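> Got a structure here, written out as structure tokens. Questions coming.
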Amino acid sequence: MPRSHKSKLQASERRRRARGEAQAKAAQATAAVEEESATSSSPQCEDAAQSLPPAGSSSTSQERQGAQATTITHTAVSCTKSDEDSNSQDEERVSPCEALYYIENPGEDSLTRKPGLLEQFLLYKYKMKQPILKEDMLKIIGQNYEDRFPEIIKKASERIEIVFAVDMKEIDSTRQSYNLISKLKLPNNGRVRAGRGLPKTGLVMNILGMIFMKGNCAAEEDIWKFLGMMRVYAGRKHFIYGEPRKLITKDLVRLQYLEYRQVANSDPPRFEFLWGPKALAETSKMKVLEFLAKVNDTIPTAFPSYYEEALQDEKERVQTKAMVRASNIAKVIIPARATSQNIFPPLVKTELC
């Protein structure tokens with residue numbers, strides 16, 4: 001065989017081998033991303049899930065959650081490559097999401113991809129604290145899909161809601177401007193700390209749900225075991241939550257969304273979590289259960305024991321509000337009566353001599 005031909009064959013073989021290695025590495029990287037995404041964004045409580053009815057653990061539900069989690073977590077990674085323990089300068093950099101205005105793969109123009117594209121855009125706008133305009137969203141999904149806009153935005157906002165616990169709301173009907181609003185009144189619209197970044201509300205709602213399902217008081221080790229299923233570990237910075245231990249045991253306790261206390265007579269010391277005053281004021285067991293049900297692609301009544309407890313909690317809240325309202329009315333009426341008596345003293349009968 002001529003040397004030149006042999007050299008060409010060897011070069012071709014090297015290229016083929018290189019392509020194979022590159023494809024294998026790409027496949028491994030894709031699998032790792034999908035595994036990380038599906039795990040980190042599936043806020044399921046292991047202990048609670050064991051007691052949940054089949055509706056919450058069906059294969060359809062798991063497949064739906066997995067697909068959504070992969071899309072959303074990949075979006076979060078691409079749009080927030082910095083972790084947010086401080087106001088990172090990385091957040092000033094241009095995000096890949098901005099390229100969506102100008103770049104779209106013609107071979108991937110299916111309707112099923114549109115909610116994913118819109119998710120990236122919505123999260124980027126939220127992170128950068130920029131207004132979300134309908135005209136800009138139409139640029140993302142394409143003018144040809146304007147008639148499907150309500151369907152696409154509904155899917156995109158629902159998928160963001162189950163991970164980040166934020167609601168898509170129209171804030172200016174004239175400009176057709178929208179924003180992602182935190183389900184809790186956490187500082188900075190769910191970011192907790194000042195500056196840009198993604199919301200921490202989803203993490204808080206899941207922890208509140210875990211506490212609820214543990215009898216309204218959860219041991220610290222159970223909380224970290226649960227968070228470990230989401231790939232959130234104490235002492236390890238997370239790309240959305242920063243350093244989780246500080247966020248959970250310091251920031252959220254200081255903000256009164258969580259109560260963190262030592263278990264009585266525990267030696268060595270052990271700690272537990274309860275709902276804080278702000279959580280009790282801003283949400284309820286029913287709202288948390290509704291959130292967890294949505295994550296499980298089911299309805300609150302699918303969890304009978306928790307649903308009954310949440311119903312009782314709702315009744316007690318209504319009664320408490322009624323009592324407070326009655327007390328406030330009484331405080332207003334009684335001083336008013338006293339004042340009227342001072343202004344118009346009762347008539348005194350006098351006898352004529």
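The values are calculated or read from the model by the stated rules, or taken from the named source; none is laboratory data. Because the structure is predicted, anything quoted here is derived from the model rather than measured. Methodologically, a virtual Cβ is constructed for each residue, glycine included, from the backbone with ideal geometry; neighbour enumeration extends over all protein chains shown. The accessibility values were calculated without ligands, DNA or RNA, using every heavy atom of the protein model including side chains. Shrake-Rupley method; radii C 1.70, N 1.55, O 1.52, S 1.80 Å.
> Limited to region 274-303, what total is found for residues that are part of a helix (DSSP H, G or I) and touching a residue at least 12 places away in the same chain (Cβ under 8 Å)?
Just the residues of region 274-303 that are part of a helix (DSSP H, G or I), to begin with: 277-282, 285-295, 300-302.
Subsequent filtering for residues that are touching a residue at least 12 places away in the same chain (Cβ under 8 Å) retains 277-279, 282, 285-289, 291-295, 300, 302.
Counting residues in region 274-303 that are part of a helix (DSSP H, G or I) and touching a residue at least 12 places away in the same chain (Cβ under 8 Å) gives 16.
> For region 170-190, how many residues meet the condition of being modelled with pLDDT of 95 or more, surrounded by fewer than 21 Cβ atoms within 10 Å (Cβ to Cβ) and charged (D, E, K, R)?
Total meeting the criteria: 1.
> Grab the helices (runs of 4 or more DSSP H) fully contained in region 168-255, keeping just those with 3 or more residues being in contact (Cβ under 8 Å) with a residue 60 or more places away in the chain, within 23 Å of T283 (Cα to Cα) and more than 15 Å from the chain's Cα centre (by Cα).
Working: elements: 187-190, 201-213, 220-228.
It comes to 201-213.
> Please enumerate the residues belonging to region 193-214 that are open to solvent by 10 Å² or more (accessible area, probe 1.4 Å) and modelled with pLDDT of 95 or more.
Matches in region 193-214: M213, K214.
> Regarding W275, is this residue surrounded by 19 or more Cβ atoms within 10 Å (Cβ to Cβ), closer than 30 Å to E308 by Cβ and not basic (K, R)?
Answer is yes for this residue.
> Hey, among I152, I162, which residue is farther than 27 Å from Q256 by Cβ, in a helix (DSSP H, G or I) and open to solvent by less than 20 Å² (accessible area, probe 1.4 Å)?
Residue meeting the stated conditions: I152.
> Quick one: which residue in G190, G215, G228, G209 is under 25 Å from F121 (Cβ atoms) and among the small types (G, A, S)?
After applying the criteria, what remains is G190.
> Okay, next question. Hey, does region 249-270 have a residue that's surrounded by fewer than 22 Cβ atoms within 10 Å (Cβ to Cβ) and closer than 30 Å to D136 by Cα? Can you show your working first?
Just the residues of region 249-270 that are surrounded by fewer than 22 Cβ atoms within 10 Å (Cβ to Cβ), to begin with: 249-251, 253-256, 259-270.
Now restrict to residues that are closer than 30 Å to D136 by Cα: none.
No, there is no match, as no residue in region 249-270 is surrounded by fewer than 22 Cβ atoms within 10 Å (Cβ to Cβ) and closer than 30 Å to D136 by Cα.
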